[in-house]
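The structure under discussion appears below in the form of structure tokens.
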Amino acid sequence: MSTAESLRPVAVSPLERLQTWVSGGVTAPEFFTFRRLFAAVWLVYDVVDVSLRGTVGARDWFSDFNGYPKALLVLQLVCIAAEVILVVGRAGGALTIASVGLFLARWRIGDKFFGLNDFRHITVVALLLAFLPANKGPHAPGWLVDVFRWETAWVYLATGFLKVNSAFLSGGHLYVRHNYLRLRGWPYPGVVSGLLERHWVNRGLAIFTVVAELSIGLLLLAPALRVRRLALPIAIAIHGGAALLVDVWFFGVSMILLVWCVSRQPVGRQPTGREPVDSAQTVIEGALDRAN
């Protein structure tokens, strides 16, 4: 074989590229930190929600049902138990089981009792977390890191495009929300309260929200890490503003954590030298082997 032939690049088929993508790993300690912080945020939410009967109250307001369904309470307690396990973060199959349990319970709550978008968000993230190795890291499947980033970008692009309509861009939605919170006693400072009564201010906030959400989605799809990192300050700005102005807290904190996580991880595959770890697939296969 000549020198020129030996230096010629070897053709790689699409199937081989897919196999490399699925089997490859990356060093991603942020995802293991995110798992605990994500669970902590929604643990606080669920404890407060059960204590104050938030979901039940909203459900009764939108429907003819009254009382606290036992099935809903059981599902909420399953969520709390799963989130406690994820926060504690002990290595082992319990982390995977907790992620699967959180996914199933949240999916059932959204499907049967109250289909809040926040619950759909938790459901998808919990499902993806089930494929994160059941240890403290730092090595994670490369495909999972990519899917987390794509899913986060999709959330922002989809919500941004949905708001591109005259009804939202006019600022009317925000104007109604601000006045509703003002009647409920939301502590707007005097100057801020006066500004939020002006339609041009609400129109400007609406336009900024759309531009910011679309920008975050596009930035997270960028291959360059330094570009993706620009998404984090924008996410902090819009979700921080939403918390203070329209009383949206837990979802915003959760999304900021997710943007922080996916905007830090390099796209390229890296050799990790990782040891075999438990994930959803290995835990299920092990349980089946023991059963047989």
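Observations, loosely collected:
- Segment 168-184 residues that are within 9 Å of Asn202 (Cβ to Cβ), paired with ones that are loosely packed, with under 15 Cβ neighbours inside 10 Å (beta carbon under 7 Å, 6 or more apart): Gly171/His199; His173/Ala167; Tyr175/His199
- Residue satisfying all of: in segment 118-148; in contact with a Pro (Cβ under 7 Å, 6 or more places away or on another chain) and among the small types (Gly, Ala, Ser); nearest to Glu83 (Cα to Cα) among these: Gly137
- Contacts under 7 angstrom Cβ, first residue in segment 186-209 being touching a residue at least 40 places away in the same chain (Cβ under 8 Å), partner among the polar types (S, T, N, Q) and in a helix (DSSP H, G or I), 6 or more apart: Leu196/Asn202
- Qualifying positions in segment 220-239 - of a type in the set (D, E, K, R) and out of contact with any helix residue (DSSP H, G or I) (no Cβ under 7 Å at 6 or more places or on another chain): Arg226, Arg229
- Some residue of segment 51-58 being of a type outside the set (Asp, Glu), outside the structural domain of Cys261 (by TED's automatic domain parsing), modelled with pLDDT under 75 and closer than 30 Å to Cys261 by Cβ: yes
- Of the residues examined, Tyr156 is one that is modelled with pLDDT of 95 or more and surrounded by 20 or more Cβ atoms within 10 Å (Cβ to Cβ).
- In segment 212-235, the condition of being closer than 23 Å to Phe131 by Cα, basic (Lys, Arg) and either surrounded by fewer than 18 Cβ atoms within 10 Å (Cβ to Cβ) or modelled with pLDDT of 95 or more (or both) is met by no residue.
- Whenever a residue of segment 225-242 is closer than 14 Å to Tyr156 by Cα, its partners that are at pLDDT below 95 and buried (at least 16 other Cβ atoms within 10 Å of the Cβ), lying with C-beta atoms within less than 6 angstrom and at least six residues away or across chains, give the pairs Arg228/Ala222; Arg228/Ser263; Ala231/Ser263; Leu232/Ser263.
- In segment 69-101, the qualifying residues are those that are part of a helix (DSSP H, G or I) and of a type in the set (D, E, K, R), and the one that is modelled with the lowest pLDDT is Lys70.
Residue-wise test of (1) closer than 24 Å to Trp249 by Cβ; (2) not assigned by TED's automatic domain parsing to the domain that holds Val262.
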| position | (1), (2) |
| --- | --- |
| Phe131 | no, yes |
| Ala134 | no, yes |
| Trp150 | no, no |
| Ala158 | yes, no |
| Phe168 | yes, no |
| Gly190 | yes, no |
| Arg198 | no, no |
| Val201 | yes, no |
| Leu220 | yes, no |
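The values are calculated or read from the model by the stated rules, or taken from the named source; none is laboratory data. The structure displayed is predicted, hence computed values, not measured ones. Don't worry about glycine lacking a Cβ; one is built from the backbone with ideal geometry, like all the others, and counts go over all protein chains shown.
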